[in-house]
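Shown next, in structure tokens, is the structure this report addresses.
Each value in this text was obtained by applying a stated rule to the coordinates, not by laboratory testing. Since the model is a prediction, treat every value here as computed from it, not as a measurement. Neighbour counts run over all protein chains shown; Cβ positions are idealised from the backbone, glycine included.
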Amino acid sequence: MPFEKGGPKGVHGEVDFYTSHEGLMLDYEEALTRTFALPSALQQHQISNVPLIPGLQGEQISSLDGGSSRLQNSSATADQARTKQGFTGFYNTSAHFLWIGDRTRQLDGAHIEYFRGIRNPIGAKVGPSMRADELLKLVEILNPDREPGRLTLITRYGAGKV
């Protein structure tokens, strides 16, 4: 009997399937962002500079508006982002891995702010237009705790500049 009809899982017919895309349209990405309990390995790791909830700093965090899938500002504190299982964090459910494009990676822009707050592994396209000091600041913003696997740098040079 096949797995889809209640049979056991087998090696044949199974595929690990992952999706990835550029997080270009923030309205779309926000609509597909959800809170989930952080994995136990991350709950044990003290997250110092990254907000548990994307989009806001300080005493405000973002929270889901009663299942409407839109992120709304709230005056809840980070302590209120705890659940019985531990900390929660925002995950983008539109893909497993998202990246920031070369044209949307302004350090003070909305894309960087959104990406620094989601818990998905993320990438950033970098190329000859990026200065070294800008790259260091980008890495510090997106992965301040230097969490392994959190940030992938995707080189973008073009055939004429390789």
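The slack in the chain from Leu153 to Leu135, taken as 0.36 nm per residue of separation less the alpha-carbon distance, amounts to 5.5 nm. Leu107 sits among other residues whose Cβ lies under 14 Å from its own Cβ, and their net charge, with Lys and Arg +1 and Asp and Glu -1, is -1.
First select every other residue whose beta carbon is under 10 angstrom from the beta carbon of Lys125; then total the charges, Lys and Arg +1, Asp and Glu -1. Don't skip to the answer; put the middle values down first.
On the way: positive: Arg103, Arg105, Arg156; negative: Glu22, Asp102.
My count for the surroundings of Lys125 gives +1.
With a cut-off of 12 Å between beta carbons, the residues surrounding Ile154 carry a summed charge of +1, where Lys and Arg count +1 and Asp and Glu -1. Under 5 Å between amide hydrogens, built in the peptide plane, is the criterion, and for Gly123 it picks out Leu98, Trp99, Ile100, Thr152 among residues at least 5 positions away or on other chains.
Amide H contacts of Phe87: Leu38, each under 5 Å away and 5 or more positions distant or on a separate chain (H built 1.01 Å from N in the peptide plane; Pro and chain starts excluded).
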